[in-house]
Structures are given as C-alpha cells and as structure tokens.
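Asks: A single structure is presented below for examination.
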Amino acid sequence: MKVALITGATGQDGAYLSEFLLKKGYEVHGLKRRASLFNTDRVDHLYQDPHEENLKFILHYGDMTDSTNLIRLIQEIQPDEIYNLAAMSHVQVSFETPEYTGNADGLGTLRILEAVRMLGLEKKTRIYQASTSELYGKVQEVPQSETTPFYPRSPYAVAKIYAYWITVNYREAYGMYACNGILFNHESPIRGETFVTRKITRAASRIALGLQDKFYLGNLDAKRDWGHAKDYIRMMWMILQADEAEDWVIATGKTTTVRDFVRMAFAEAGIELEFKGEGIEENAFVKSCSNPEYQLETGKQVLAVDPKYFRPTEVDLLIGDATKANTKLGWIPEYDLAALVKDMMQSDLKLMKKDQYLKDGGYRILNYFE
Ligand code: NDP
Ligand code: GDR
C-alpha cells in the first residue's frame, strides 16, 4: 500500500485528490491548518473517527510556514508521494499579503524539499509541486507550453516561480524525483467562493432564485483556459507515476473571456443576458428568461463592473498547450467548458435553495460581494 502526504488537503484540489488516492488504495495523510472554526467541509465525507483502527485518511495539524512541523510529519509518515498543494492561492489577495504569500508558497516548497533531503528520503519520496499558468503572466507566446518563458505579474506568481525553480534545482542537484505540474485554471462545484467562476455561478444561482439582485466583477475581458479540477487531479497522480521526473503543462487548449463565462452560467439557468457599455461603464441586463421557475423581468440589471476588483498588474490571456501530457502520458480531459459550467450551476442552484428555505423561514440571508 502506497502512502501519500497531501499539503492543502482541505482545499479544492486536495479534497478531490484525497478521494482519488483513497479509491486507488493509498493511505492518505493530509495537512490541515488550525482554525477557530471547523475548516474541513470539503473532506468531511472522507472523515474517519480517529479511534477506529486501520485508518486510511488521517489529517494532521500543520502549516507551510513551520519547518519543524513539516520535518516531524514527513519523518513520521515516511510518504512515498508528497503532493504539495498548500498555498495562499488567491492572486488578488497576494497583492495585500505579499510577504506571507512568499513565505507559504515560495519558502514552503523549499521546506518540503529540504525536509525530504534532510531525512534521507530522496530516493523514496516523489514530490509533486503545484505550479501554475500564472508563471507565464504577461503574454510572451501563445499557446503556452513547457518551453514558454515566464513573466510573473503578482506576488503570488513570483512566489510560485521560486517554488518552480527550487523544485527543478533539487531534482538536478540531488537526483530527487520532483516534478512541476504547470496547471492552468481548474474549477469545480467546490471551487473557493472568491475565484471568478464560483463567484459567477453562485451569483447567477442566487439571482435566478430571487435571493440577490445583482453582483459586481472586475475585468470582464480577461481570458482563461478553464478545465475541471477532477480531470486535473488525475494528472497530478499520473505525473508521479511517470518513469522520468519532468515538468508538465496541463490545460484544455481553449480560452474564454470572463464575460462569456458569465453568459454561459446564466444561460444554464435559462437566462439570456445583454451586455452594454465598456470598461467600468459595462453592465449586464436580463434579455429574456425562459425558465418559468424564475421571475426575472426583462431589462433588470444583474451585473456591474467595480474597479475594486481590477488587479494592479493583470494577466490578460492564458491558453495552454498540453500536447506533451496528451502524447506522453495519455492524459485527455473528460470535461469541456460547457460541462464544467453545467456541473457548477447545477450544484450551486441546489445549494442556494437551502438559503431560499432559510429566507422563507424568516432567517437573514447574507449576500457576499467579495
Ligand atoms: P485552494 O485555495 O482551494 O486550497 C489551498 C489549500 O492550501 C487549502 O487547503 C488551504 O488551507 C491550504 N493552505 C493555505 N495556506 C497554508 C499554509 N500556510 N499552511 C498549510 N496549508 C495552507 O487551492 P486549490 O485547491 O485551487 O489549488 C491547489 C494548489 O494548486 C495551490 O497551490 C494553487 O496555488 C495551485 N494551483 C491552482 C490552480 C487552480 O486553478 N485551482 C491552478 C494552478 C495552480 P485552508 O483550507 O485552511 O485555507
Ligand atoms: P486567477 O483566478 O487569478 O486566474 O488565479 P481568478 O478566478 O481569481 O481570476 C480569473 C480572472 O478573472 C478576473 N476577474 C475576477 N477575479 C476574481 N477573483 N473576482 C472578480 O470579481 C473578478 N472579476 C474579474 C481576474 O482579474 C482574472 O483575470 C487562479 C488561482 O486558482 C491561482 O491559484 C492559480 O494559480 C491560477 O488560477 C491558475
């Protein structure tokens, strides 16, 4: 039985990966942070009472900023594979917390690599590093592949570039099996609520159900290559099963504007939108509503641009070339963008109905505009 350690096990990817590895028969250890409330929603369905015997899913308290903690855990767990997914992963927030982001995302990766080296596990433990299309930043070349030069545009991307290169360096210097997965944006029904896709599917669901009037976004022109997290976590595992330790781009090869993602999400609820104006003057209105369940008037405004969501430096266009992963590892994504939007909208419409029941029961419902 293989043993895996997943940092960031409570995040979107960590939750899907934990489930995936458990199904493959792994013993899975996850790092979770201490919080003042329970923060394990995404993995609660995998939870096992720690008093049981033969536990297969074990969560440990830890933090990427605490070397002693990471060294002790790796020594105790002796993992065959480490998936380093923990990170302050929000690009806009990294402009507000640049030092912490550098520490957790950049130095945190060094701490994992160095712990494995110090403990003499270089030949036993394989390491996956969660690298990102944000490394490409300012467009140098499209589509972006393993050979495209980097030009990071945020404290997050700069921290991740350190993590990328320190992973390559430890591979070359110490012969460690350490790989970067350069993953383009991937989303799901359990995506964090403040990333743009989930913000949109939540708002579209709430507006359809009459729980919210309108919502606000920043740059509607940004283009992203969006895939489904379930397809991408499968590739993380495939990367660590390959004969050679290498770096891999994972992407769908298609790009879409934020504006079109908004259109697709509302369309999933039977709502057609019309966009008017440009830049910070841009707004979206209901053009038609074909779903008799939702009482939306034609002409009702549902979206406005708020410059507070503009980034000091933006990444305008991401589109990935995953030919190497397709041909060498046989990775083919099962979801396209339409299937992803459908999955997210179906889930959020169901989830938001809970709020509708609460509202009908007289409870106050909060709208989140973050
Ligand atoms: P999430 O933000 O959903 O999850 C991040 C995880 O890291 C959470 O479990 C979080 O804990 C944990 N974490 C954050 N800071 C620390 C810390 N200091 N110590 C320990 N744990 C910490 O991210 P995703 O699942 O979407 O992404 C996974 C990884 O992949 C990240 O490294 C991200 O940067 C990278 N990535 C993501 C892409 C995407 O499109 N999703 C694309 C490319 C790369 P908590 O739950 O307590 O907050
Ligand atoms: P990104 O994802 O920055 O690509 O990083 P995010 O969903 O935050 O932004 C995508 C694009 O949408 C634009 N945008 C908005 N973004 C947010 N969050 N909120 C808004 O209101 C809004 N309006 C417009 C952004 O400007 C941007 O252009 C994600 C994270 O998962 C990273 O951890 C990961 O490395 C990269 O994807 C690949």
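Asks: Over segment 225-292, one equal point on each Cα, no solvent: what is log10 I(q)/I(0) by the Debye formula at q = 0.11, 0.25 Å⁻¹?
Replies: One equal scatterer on each Cα of segment 225-292 leads to -0.48, -1.09.
Asks: Okay, next question. Which value in nm describes the separation of the simple spin-label points at HIS45 and ASN291, placed 7 Å from the Cα toward the beta carbon?
Replies: Those two pseudo-labels are separated by 2.1 nm.
Asks: Could I ask something else about it? Could you run the Karplus curve 6.51 cos²θ - 1.76 cosθ + 1.60 with θ = phi - 60° over segment 306-318 and give me ³J(HN,Hα) per residue in whole Hz, x for Gly and Pro?
Replies: Per-residue couplings from phi come out as 10, x, 4, 8, 6, 9, x, 9, 9, 9, 7, 9, 10 Hz.
Asks: For the chain, rounded, prolate or oblate, judged on the Cα gyration tensor with a ≥ b ≥ c (square roots of eigenvalues), a/c < 1.5 rounded, else prolate if a/b > b/c?
Replies: Since a/c reaches 1.5 and a/b is larger than b/c, the shape of the chain is classed as prolate.
Asks: Quick one: compute the contact order of segment 181-267, relative version, from alpha carbon pairs under 8 angstrom and 6+ residues apart, as a percent.
Replies: It rounds to 44 percent for segment 181-267.
Asks: Which parts of segment 263-301 would a label at ILE365 reach, counting a residue when its backbone N lies under 14 Å from a point 7 Å out along Cα-to-Cβ?
Replies: 294-296
Asks: Further, regarding this structure: If contacts are Cα pairs under 8 angstrom and at least 6 residues apart, what is the relative contact order of segment 20-127 in percent?
Replies: 27
Asks: May I pose another question? Find out how many positive minus negative residues lie around ILE58, taking Lys and Arg as positive, Asp and Glu as negative, among other residues whose Cβ is under 13 Å from that of ILE58.
Replies: -3
Asks: Another question, then. If the chain between ASP260 and VAL142 were fully stretched, how many nm would it gain, using 0.36 nm times the residue separation less the Cα-Cα distance?
Replies: Going from the current span to full extension adds 40.5 nm.
Asks: Would you mind classifying segment 2-56 by shape? Square roots of the alpha carbon gyration tensor eigenvalues, ordered a ≥ b ≥ c; an a/c under 1.5 is rounded, otherwise it is prolate if a/b is larger than b/c and oblate if not.
Replies: Oblate shape, in that a/c is at least 1.5 and b/c is the bigger or equal ratio.
Asks: Obtain the nm distance between the two label points defined at LYS300 and LYS124 by a simple spin-label model: each point lies 7 Å from its Cα along the Cα-to-C-beta direction.
Replies: 6.0
Asks: When the Karplus curve 6.51 cos²θ - 1.76 cosθ + 1.60 is applied with θ = phi - 60°, which whole-Hz ³J(HN,Hα) does each residue of segment 71-80 get, with x for Gly and Pro?
Replies: 4, 4, 5, 5, 5, 5, 7, 6, x, 7
Asks: Another one. Out of all DSSP beta bridges with both ends in the chain, state the antiparallel percent to the nearest 5.
Replies: 25
Asks: Tell me, what HN-Hα J-couplings in whole Hz come from the Karplus equation 6.51 cos²θ - 1.76 cosθ + 1.60 at θ = phi - 60° for each residue of segment 41-55, using x for Gly and Pro?
Replies: Using θ = phi - 60°, the values come out as 3, 6, 10, 4, 5, 9, 4, 10, 4, x, 7, 5, 9, 6, 5 Hz.
Asks: Which far-off residues, 5 or more places away or on another chain, put their amide H under 5 Å from the one on PHE215, with H placed in the peptide plane?
Replies: Those qualifying (amide H under 5 Å, at least 5 residues apart or on another chain) are LEU303, ALA304.
Asks: How far is the Cα center of segment 292-367 from the Cα center of segment 43-82, in Å?
Replies: 32
Asks: Using amide H atoms built 1.01 Å from N in the peptide plane, name the residues 5+ places from LYS223, or on other chains, whose amide H lies under 5 Å from its own.
Replies: Long-range HN contacts for LYS223: LEU317, LEU318.
Asks: Also, quick follow-up: Could you work out the relative contact order of the chain, using alpha carbon pairs under 8 angstrom and six or more residues apart, expressed as a whole percent?
Replies: Relative contact order for the chain comes out at 16 percent.
Asks: Separate question: Cα centroids of segment 189-209 and segment 259-281: how far apart, whole angstrom?
Replies: Centre-to-centre (Cα) distance: 14 Å.
Asks: List the pairs from LYS160/LYS230; LYS254/LYS359; LYS276/LYS308; LYS160/LYS276; LYS287/LYS308 whose alpha-carbon separation is above 29 Å, in the order I gave them.
Replies: The answer is LYS254/LYS359; LYS160/LYS276.
Asks: Moving on to the next point. Taking the chain as the reference, fit the longest principal axis to its C-alpha atoms, fit the long axis of helix 12-23 to the helix C-alpha atoms, and give the angle between the two in degrees, 0 to 90, nearest 10.
Replies: Tilt relative to the chain: about 60 degrees.
Asks: Same structure, new question: Extension gain HIS90-ARG117, at 0.36 nm per residue separation less the Cα-Cα distance, in nm?
Replies: 6.8 nm
Asks: Hey, with R₀ at 22 Å, roughly what FRET efficiency would ARG34 and GLN75 work out to, going by the Cβ-Cβ distance, to 0.05?
Replies: FRET efficiency, ARG34 to GLN75: 0.60.
Asks: In addition: Give me the net charge of VAL341's neighbourhood, meaning all other residues with Cβ under 14 Å from the Cβ of VAL341; Lys, Arg count +1, Asp, Glu -1.
Replies: Cβ neighbours under 14 Å give a net charge of +3.
Asks: Here is a further query. Considering only segment 75-186, what is the antiparallel percent among its DSSP beta bridges, to the nearest 5?
Replies: So the antiparallel bridges amount to about 0 percent of the total.
Any read-out appearing in this document is the output of simple, stated calculations on the displayed coordinates, not a laboratory observation. Predicted model, so just to flag it, every value in this text is computed and none were measured. Positions of Cβ are backbone-derived with ideal geometry, glycine not excepted, and every protein chain shown enters the neighbour counts.
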